[in-house]
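Quick notes on the structure that follows.
The values are calculated or read from the model by the stated rules, or taken from the named source; none is laboratory data. Bear in mind the structure is a predicted one, so any value in this text is a computation, not a measurement. Please note: Cβ atoms are built from the backbone with ideal geometry, for glycine as well, and neighbour counts cover all protein chains shown.
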């Protein structure tokens, strides 16, 4: 059972649901340390006063808000306590809205929300009612000294709390919107066909962190004392002279990939240069391809053929 990172209650109307929030994500990144090469000791960081150029003890360090250049207001723990608004330990539902109306740009982080002991019935009631209504609850709550906008939704019988940005935190995109450019109808038709050739149902398990896998292979090779060499930069394939040709070539490549394979002779791959094999491996999304020699590339490409 994961450790709860927040304890409080969900409130809507006069209904109160005691709950606990848990992080919904466990990232699988590789973690590195800075160490002293000569003795493998970790590198530490000291808290240095820039003006005096000397280390500062913890009891002399305070939080401060810079309200003007070089002018600060010092903040103590009780100051933060004084700013706690009503509902400090409550996820207050303000509205129920269709989930599909919420732009994903507002989503920041996801938490699982489970019932506290003895609150299973009222929790189940809220889950069942929200599930049958098909609506999501828009909330406000305080976590880690900041107020957050939130979205409560149901997933497989459990409440999820999406921590959200407030509207004024989303940067405007007017400056990024491209200037008007004429799009020809035949270009649009080909682009739509290309999009259709990629169409399918979303399956999160289909997508893997291939960079992490390749990096893990490099770490394992170095652990075993093997030399690791950076892959030679492969020349980018020549760009088609115009947009229509790029669309046609892309669409043609997808059609060839989708057509039944009739077997690939050994000579087809063996005759290619390493750069050509690397380009094929990139298209096939083969993990660790940059660390493979030519024979390993051929073997990997045959495995996915």
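Can you spot a residue in segment 252-261 that is under 32 Å from the mean Cα position of the chain (by Cα), at pLDDT 75 or above, within 23 Å of residue 213 (Cβ to Cβ) and surrounded by 11 or more Cβ atoms within 10 Å (Cβ to Cβ)?
No - not one qualifying residue is present in segment 252-261.
Return yes when residue 193 is surrounded by 12 or more Cβ atoms within 10 Å (Cβ to Cβ) and assigned by TED's automatic domain parsing to the domain that holds residue 242 and no when it is not.
yes
Go through the residues of segment 59-79 one by one and say whether even a single one is under 30 Å from residue 123 (Cα atoms) and either exposed (fewer than 10 other Cβ atoms within 10 Å of the Cβ) or in contact (Cβ under 8 Å) with a residue 60 or more places away in the chain (or both).
no
With respect to residue 146, is the statement that it is at pLDDT 95 or above, loosely packed, with under 13 Cβ neighbours inside 10 Å and under 30 Å from residue 17 (Cα atoms) true?
no
Before we move on, is residue 162 surrounded by 10 or more Cβ atoms within 10 Å (Cβ to Cβ), in the same structural domain as residue 98 (by TED's automatic domain parsing) and over 30 Å from residue 77 (Cβ atoms)?
So residue 162 does not fit the description; no.
Within the group 108, 89, 153, which residue is under 26 Å from residue 1 (Cβ atoms), within 30 Å of the chain's Cα centre (by Cα) and at pLDDT 95 or above?
153
Tell me, yes or no, whether segment 25-48 has at least one residue that is part of a strand (DSSP E or B) and exposed (fewer than 10 other Cβ atoms within 10 Å of the Cβ).
Checked segment 25-48: at least one residue is part of a strand (DSSP E or B) and exposed (fewer than 10 other Cβ atoms within 10 Å of the Cβ).
I'd like the full set of residues that are in contact with a helix residue (DSSP H, G or I) (Cβ under 8 Å, 6 or more places away or on another chain) and modelled with pLDDT of 90 or more, limited to segment 19-55. Lay out the reasoning, then the answer.
Of segment 19-55, the ones in contact with a helix residue (DSSP H, G or I) (Cβ under 8 Å, 6 or more places away or on another chain) are 19, 28-30, 47.
Matches in segment 19-55: 19 only.
So for segment 208-218 (the condition being without any contact (Cβ under 8 Å) to a residue 24 or more places away in the chain and under 29 Å from residue 25 (Cα atoms)), does at least one residue qualify?
yes
If you take the residues in segment 111-128 that are closer than 28 Å to residue 145 by Cβ and more than 26 Å from the chain's Cα centre (by Cα), which one is surrounded by the most Cβ atoms within 10 Å (Cβ to Cβ)? Before the answer, list the steps.
Taking segment 111-128 and keeping what is closer than 28 Å to residue 145 by Cβ, we get 111-117, 119, 123, 126.
Then keep just the ones that are more than 26 Å from the chain's Cα centre (by Cα); that gives 115-117, 119, 123, 126.
On the way: 115: 20, 116: 15, 117: 7, 119: 18, 123: 20, 126: 23.
Residue satisfying both the conditions and the ranking: 126.
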